[in-house]
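Student: There's a structure below that I have some questions on.
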Amino acid sequence: MGGVPFEMVAKYLGNSVDMVERVYGHHSPDWLRRAAAALSGFSVPTGTENVPAHAEEK
């Protein structure tokens, strides 16, 4: 949430980027903003920083 890339968080915690995205990715302000906009029908920017990869597939 502080803008730190998932890769850095994963290294610091000794985990994989995939695990960090799965467990913490949905707490990202960008992801939450995009989810709220999608549910309300508003258009949002398509930036994918700090968005879990599996969220982009849907």
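Student: Could you tell me whether E57 is modelled with pLDDT under 80 and either acidic (D, E) or surrounded by 14 or more Cβ atoms within 10 Å (Cβ to Cβ) (or both)?
Tutor: yes
Student: On to the next question. Is it the case that some residue within the range 32-39 is modelled with pLDDT of 80 or more, exposed (fewer than 12 other Cβ atoms within 10 Å of the Cβ) and not hydroxyl-bearing (S, T, Y)?
Tutor: Checked the range 32-39: at least one residue is modelled with pLDDT of 80 or more, exposed (fewer than 12 other Cβ atoms within 10 Å of the Cβ) and not hydroxyl-bearing (S, T, Y).
Student: Any residue in the range 6-24 that is at pLDDT below 80 and of a type in the set (K, R)? Give the derivation first.
Tutor: Looking only at the range 6-24, we keep the residues that are at pLDDT below 80, and these are none.
Checked against the condition, which is being at pLDDT below 80 and of a type in the set (K, R), the range 6-24 yields no hits at all.
The values are calculated or read from the model by the stated rules, or taken from the named source; none is laboratory data. As the structure is a computational prediction, the values presented were derived from the model and not from experiment. Note that we place each Cβ from the backbone using ideal geometry, even for glycine, and neighbour counts take in every protein chain shown.
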